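Contents: one structure, followed by commentary.
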Amino acid sequence: MGTQLNQNTGFKVNAGPYTYNGGLYTWGFGGDGGLGDGTTTDKNTPQKIGSLSTWSKIDYGYKSFVALKTDGTIWTCGYGDYGNLGNGTTIDY
C-alpha cells in the first residue's frame, strides 16, 4: 500500500497542516504566520515546511498549529496572542 496523507482534525482557518512521508505541508490562510513557512502569505497549494522528514503528529487551532517530531520535541507556529504558542510570549511566529 502507498504512503497515506494524514489530515489533522482541528481545521479552523486554513487547509493544513498535513504530513506526507514524515514531511510537514501546509496551505491556505497565511496570516499571523499560521502556515509555518516564515511568511504571512496565503498559499493555494501544499507547501513543504523545511527539509525535515521527522514529523509524527500535528494539530491545528485558531491561526496556529502544533507539531510533534519523532524525537518527542514539540514545535508551534502562528498566532501568538494570549500565549497560544506556549513559548512564554504573545508574539506571532
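Any read-out appearing in this document is the output of simple, stated calculations on the displayed coordinates, not a laboratory observation. Note that the structure is predicted; figures quoted are calculated from it, not measured. Neighbour counts run over all protein chains shown; Cβ positions are idealised from the backbone, glycine included.
Given a Förster radius of 22 Å and the C-beta distance between T90 and Y62 as r, what FRET efficiency does 1/(1 + (r/R0)^6) yield to the nearest 0.05?
Numbers: r = 14 Å, r/R0 = 0.64.
Efficiency at R0 = 22 Å is approximately 0.95.
Give me the extension gain from Y82 to N44: residue separation times 0.36 nm, minus the current Cα-Cα distance, reported in nm with one decimal.
On the way: separation 38, 0.36 × 38 = 13.68 nm, distance 2.84 nm.
Length difference between fully extended and current span is 10.8 nm.
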